[in-house]
Amino acid sequence: MKMKTSLIVGAFSLALFIAGCTTAPAAVPEAGPAGPQGATGATGDPGQDADRHRTEEEKRADDQRRADELKRGDDQKRADDLKRGDDQRRADEKVKERQDAGCAAGEHVFTNSDGRKTCVKD
């Protein structure tokens with residue numbers, strides 16, 4: 001019973017698909033003739049507006065350049081501070097390891113393959 005229903009629905013869908021593909025598309029309205037030309041506007045002094053516009057653009061570009069330079073400077077300072085902090089942390093860890101293992105100055109801790117720590121010269 002389900003096979004017959006599926007076959008009928010499939011055939012009906014196929015018939016609708018084929019019928020939809022073969023129909024002529026709707027007619028597209030065509031454009032009419034062009035209208036009359038509008039009146040010409042008044043002319044002004046193009047030099048002042050163009051110069052003022054150019055100086056405004058230059059000012060905006062300068063402001064943006066300054067902002068970018070400040071941002072780059074802040075990013076560089078932040079990166080330097082982080083690097084300095086990392087270097088200090090590593091140096092503190094080395095000193096702590098030396099103190100934990102009892103190593104003298106000019107020596108550092110070395111961990112053997114069996115996990116034992118010994119002091120060796122730098």
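The values are calculated or read from the model by the stated rules, or taken from the named source; none is laboratory data. Remember, predicted model here, so these are calculated numbers, not experimental data.
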Legend entry - Tally, over the stretch 42-71, of residues that are at pLDDT below 70 and of a type in the set (Val, Ile, Thr): 0
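Is it the case, given these coordinates, that Ala39 is of a type outside the set (Val, Ile, Thr), modelled with pLDDT of 75 or more and not in a helix (DSSP H, G or I)? So that I can check it myself, show each step before the final result.
Numbers: of a type outside the set (Val, Ile, Thr): yes; modelled with pLDDT of 75 or more: yes; not in a helix (DSSP H, G or I): yes.
So Ala39 passes the test.
Is it the case, given these coordinates, that Ala11 is at pLDDT below 85 and of a type outside the set (S, T, N, Q)?
On the way: at pLDDT below 85: no; of a type outside the set (S, T, N, Q): yes.
Spelling it out, it is not the case that Ala11 is at pLDDT below 85 and of a type outside the set (S, T, N, Q).
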